[in-house]
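What follows is one structure encoded as structure tokens, with my remarks underneath.
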Amino acid sequence: MAIIEIKTIIQAEINMCFDLARNIDFHKDSLAHSNEKAVAGKTSGVIALGESVTWEATHFGVKQQLTSKITAFKRPYYFVDEMISGAFKSFKHEHIFEVQTDEQSKKSYTLMTDVFEFESPLGILGKFVNFLFLKRYMKNLLTTRNAYLKTAAEKLAI
């Protein structure tokens, strides 16, 4: 199983960051380069505990569908989405939000941490694919999404 952890400092209020991270429409906009769209389940608005969404997107030149469900939720600090069906053997994506204070300026900010655990199908071949490019590809995808969220939240916070 591969694990990716990304920490993002956002100069915005925790509730705003939490809600943007759960917003289906925002998610579509943040990954427009892959033509990602919600095609079943919760297809618009803010997703909540027990709800699922089926995404359709093009990755590696192949149109794919993936369904995930919100399996844990503690507003505004934590939620988890897990794959129900899709290209991975499994995945679990933890979204963690904490209020932090800058020691020098005494200003508070939100620390958003993504922990993305995934397992590729195809056993040894899948592990080789992870090593060659999939882990890096997924990290870049998450980093792109987080940068988009950071920019949007900080603009809204002004």
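The values are calculated or read from the model by the stated rules, or taken from the named source; none is laboratory data. Because the structure is predicted, anything quoted here is derived from the model rather than measured. Here the Cβ is made from the backbone with ideal geometry for all residues, glycine too, and neighbour counts use every protein chain on show.
Residues checked against (1) touching a strand residue (DSSP E or B) at 6+ places or on another chain (Cβ under 8 Å); (2) assigned to a strand (DSSP E or B); (3) surrounded by 15 or more Cβ atoms within 10 Å (Cβ to Cβ):
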{"position": "Glu5", "(1), (2), (3)": "yes, yes, no"}
{"position": "Ala12", "(1), (2), (3)": "yes, no, yes"}
{"position": "Cys17", "(1), (2), (3)": "yes, no, yes"}
{"position": "His33", "(1), (2), (3)": "no, no, no"}
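Ala38: among the hydrophobic types (A, V, I, L, M, F, W, C) and assigned to a loop (DSSP other than H, G, I, E, B), yes or no? Walk me through it before giving the result.
Values: among the hydrophobic types (A, V, I, L, M, F, W, C): yes; assigned to a loop (DSSP other than H, G, I, E, B): no.
The answer is no for Ala38.
In the range 48-73, which residues are at pLDDT 95 or above and not in a strand (DSSP E or B)?
Matches in the range 48-73: Ala48, Leu49, Gly50, Glu51.
May I ask you to list pairs of residues, at least six apart or on different chains, whose Cβ atoms are under 7 Å apart, with the first in the range 143-158 being at pLDDT below 95 and the second being surrounded by 14 or more Cβ atoms within 10 Å (Cβ to Cβ)?
Leu156/Ala12; Leu156/Met16; Ala157/Gln11; Ala157/Ala12; Ala157/Glu13; Ala157/Met16
Can you name the residue in the range 74-90 that is hydrophobic (A, V, I, L, M, F, W, C) and modelled with pLDDT of 95 or more and, of all such residues, is farthest from Leu122 (Cα to Cα)? Before the answer, list the steps.
First, the residues of the range 74-90 that are hydrophobic (A, V, I, L, M, F, W, C): 79-80, 83-84, 87-88.
With modelled with pLDDT of 95 or more added as a condition, the list becomes 79-80, 83-84.
On the way: Phe79: 29, Val80: 25, Met83: 17, Ile84: 18 Å.
Filtering the range 74-90 for residues that are hydrophobic (A, V, I, L, M, F, W, C) and modelled with pLDDT of 95 or more, the one farthest from Leu122 (Cα to Cα) comes out as Phe79.
Those residues that are touching a strand residue (DSSP E or B) at 6+ places or on another chain (Cβ under 6 Å) and farther than 14 Å from Ala32 by Cα, I need them from the range 144-158; list them, please.
If we filter the range 144-158 for residues that are touching a strand residue (DSSP E or B) at 6+ places or on another chain (Cβ under 6 Å), which is where we start, we get 146, 150, 153.
Result: Lys150, Ala153.
When only residues in the range 92-135 that are more than 25 Å from Asn15 (Cα to Cα) and modelled with pLDDT of 85 or more count, which is nearest to the chain's Cα centre (by Cα)?
So in the range 92-135, the residues more than 25 Å from Asn15 (Cα to Cα) come out as 118-135.
Now restrict to residues that are modelled with pLDDT of 85 or more: 118-119, 135.
On the way: Phe118: 13, Glu119: 16, Lys135: 14 Å.
Only one residue tops the list, namely Phe118.
From the set of residues in the range 71-84 that are out of contact with any His (no Cβ under 9 Å at 6 or more places or on another chain) and free of Cβ contacts under 8 Å to residues at least 24 places away in the same chain, which is nearest to Gln11 (Cα to Cα)? Quick ask: steps written out before the conclusion?
Within the range 71-84, the subset out of contact with any His (no Cβ under 9 Å at 6 or more places or on another chain) is 71-77, 84.
With the extra rule that they be free of Cβ contacts under 8 Å to residues at least 24 places away in the same chain, the set shrinks to 71-72, 74.
Numbers: Thr71: 28, Ala72: 25, Lys74: 21 Å.
The residue in question is Lys74.
Which one of these does Cys17 not meet: (1) over 16 Å from Asp114 (Cα atoms); (2) under 14 Å from the mean Cα position of the chain (by Cα); (3) not acidic (Asp, Glu)?
(1)
Kindly list, by first and then second residue, each pair from a residue in the range 23-38 that is at positive phi to a residue that is modelled with pLDDT under 95, limited to pairs with Cβ atoms under 6 Å and residues at least 6 apart or on different chains.
Asn35/Thr58
Working only within the range 43-53, note down all residues that are closer than 18 Å to Ala32 by Cβ and of a type in the set (S, T, N, Q).
Result: Thr43, Ser44.
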